[in-house]
Amino acid sequence: MTRSLHRPRAFTLVELLVVIAIIGILVALLLPAVQAAREAARRMSCINNMKNVALATINYHDTYGHFAVDEDYFESNSVQKVDVGALSFNWVSRSTLGVPKEGLDGGGWIVRTLPFLEEQTLYDRFDVPNHGVNGSWTDRTKLGMNWTLDPDFKQALGQQPSVLSCPSDENARAQAGTQYPYSSNSQVPLGAQVTVATTSYKGNAGDGAFENEPQGFTYTPRFSCYTGDDCVGVFWRATYIRGGVKMREITDGTSNTFMIGEGSPLDGNSAAWSSDGDWAVTSVPINFDYRNDSECLGADGAPDPGACWWLVRGFRSLHPGGVNFAYCDGSVRYVTDDIDHIFYRASSTRQGGEVVNE
């Protein structure tokens, strides 16, 4: 009896290539959906972090009767004596407005809010006699939030609370040598070697100009108050002078006024504990594109935010199309990049009396 043997038929090269092509197409179709789902999860985590920071900020206010203050890291220079109603200021000697008896520690509102973020242990490492939040930034014998000569204090500066990091931003981590003023040896002992935590969430300083924004940023009049005894927002570099902003002063409505917005350490000014790194202004447009601005080119001709540091002091995120903001009532909303700049600025003033329509 004759039996015929049938060998299994193998794939031809053409068929194999077709299968590979189909798999490639399926992957190409699915990958954006997977990436979008991951970003949605990261954005939700980012929103939850912001809600926690906002709640802690409000709880601080309810405990002390005002929002946490920022203490400048300069003591000998001049400050702005501000007339918010007239949108004007004059430079005056800092001594005329007073300095805390222990000096200015250089710390910001975030470090003072740590106990309300369930970070009491970390705060205690900064709250030490004659140093940290009880010290002076410019006095080497009792250094403030730049007391990097102490090993434990230096190590604490680099502790990164997860609640301050937006998962969408790979820059949102402790960094060394990149975040002013901790990157400066003249401001911080061993500065370039110091690792410091960063923040993805910055206080709203209002729409005051910062340094020299181009006139194309719809800023009229040019009014600056970020280092003044008063300002138009909620947090700025010298709120210690007035003792912090109070809820009752937000006459534009707590549900209409930004309290905290997203930022990114790519700006080089996002040290979490610094009074220079925990606020931003809306005079700079939302998600300002430094990559296509001629002032933001480095020595090698490539885009460099450090080359135009005064232009990246606005709010930004790495989410597609916008930025999350926490309002003074604790709610969090997503503000898109195409928001009208005038309305955007108006949302950052606490008592401007602007009439705007969303």
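Computed from the coordinates by the stated procedures, all read-outs in this text should not be read as laboratory data. Because the structure is a prediction, the values reported are computed rather than measured. Counting neighbours? That spans all protein chains shown, and the Cβs are built from the backbone with ideal geometry, glycine included.
For the range 109-125 and the range 320-344, what is the separation of their C-alpha centers, rounded to whole Å?
Using only Cα atoms, the two centres lie 27 Å from each other.
Where in the range 45-138 are there trypsin sites (Lys or Arg not before Pro) that are in a DSSP coil and have at most 11 other Cβ atoms within 10 angstrom of their Cβ?
Sparse-neighbourhood loop trypsin sites (Lys or Arg not before Pro): Lys101.
Tell me which residues come under 5 Å, amide H to amide H, from Val335 once H is placed; ignore anything under 5 positions away on its chain.
HN-HN under 5 Å from Val335: Val323, Asn324, Phe325.
Report the Cα centroid-to-centroid distance between the range 131-179 and the range 250-307 in angstrom, as an integer.
What the calculation gives is 20 Å, centre to centre.
Step through the residues of the range 65-82 one at a time and calculate ³J(HN,Hα) from phi using the Karplus curve (6.51 cos²θ - 1.76 cosθ + 1.60, θ = phi - 60°), rounding each to whole Hz and writing x for Gly and Pro.
Running phi through 6.51 cos²θ - 1.76 cosθ + 1.60 with θ = phi - 60° gives x, 6, 6, 4, 9, 9, 10, 3, 9, 10, 10, 9, 7, 7, 10, 8, 8, 9 Hz.
Along the Cα-to-C-beta direction of Asp139, a point sits 7 Å from the Cα; which residues of the range 84-123 have their amide N less than 16 Å from that point?
95, 98-107, by backbone N distance to the label point.
Residue farthest toward the positive end of the dipole of the chain, with Cβ of Lys/Arg at +1 and Asp/Glu at -1: which of Tyr64, Gly301, Leu97?
Comparing the listed Cα positions along the dipole, Gly301 ranks first.
What residues from the range 266-306 fall in the zone where the backbone N is under 14 Å from a label point 7 Å along the Cα-to-C-beta line of Asp337?
285-293
Out of Ala172, Ala209, Ala86, any idea which swings most in a Gaussian network model of the chain, alpha carbons joined below 10 Å?
Highest fluctuation among the options: Ala86.
Just to verify a number: FRET efficiency for Asp150 and Glu118, C-beta to C-beta distance, R0 = 30 Å, to 0.05?
0.80
Would you mind checking the pairs Lys101/Lys246; Lys81/Lys246; Lys101/Lys142 and listing those with alpha carbons more than 21 angstrom apart?
Beyond 21 Å between Cα atoms: Lys101/Lys246.
What does the extension gain come out to for Lys246 and Leu26, with contour length at 0.36 nm per residue minus their alpha carbon separation?
73.6 nm
Say the dipole of the range 186-298 comes from +1 at the beta carbon of Lys and Arg and -1 at that of Asp and Glu; which of Ile250, Tyr290, Gly228 then lies farthest toward its positive end?
Farthest towards the positive end: Ile250.
Using the crude model of +1 on Lys and Arg Cβ and -1 on Asp and Glu Cβ, and no other charge, please compute the dipole size for the chain relative to its Cα centre, in debye to 20.
For this selection, approximately 1120 debye.
Out of Ala28, Ser88, Val14, whose Cα points farthest toward the positive end of the dipole of the chain (charges: +1 Lys, Arg; -1 Asp, Glu; placed on Cβ)?
Working it through, the farthest residue towards the positive pole turns out to be Val14.
Under the rule of at least 5 residues apart or a separate chain, name every residue whose amide H is placed under 5 Å from the amide H of Thr198.
Sorted by chain and number, the residues that satisfy this are Arg173, Ala174, Gln175, Ala272.
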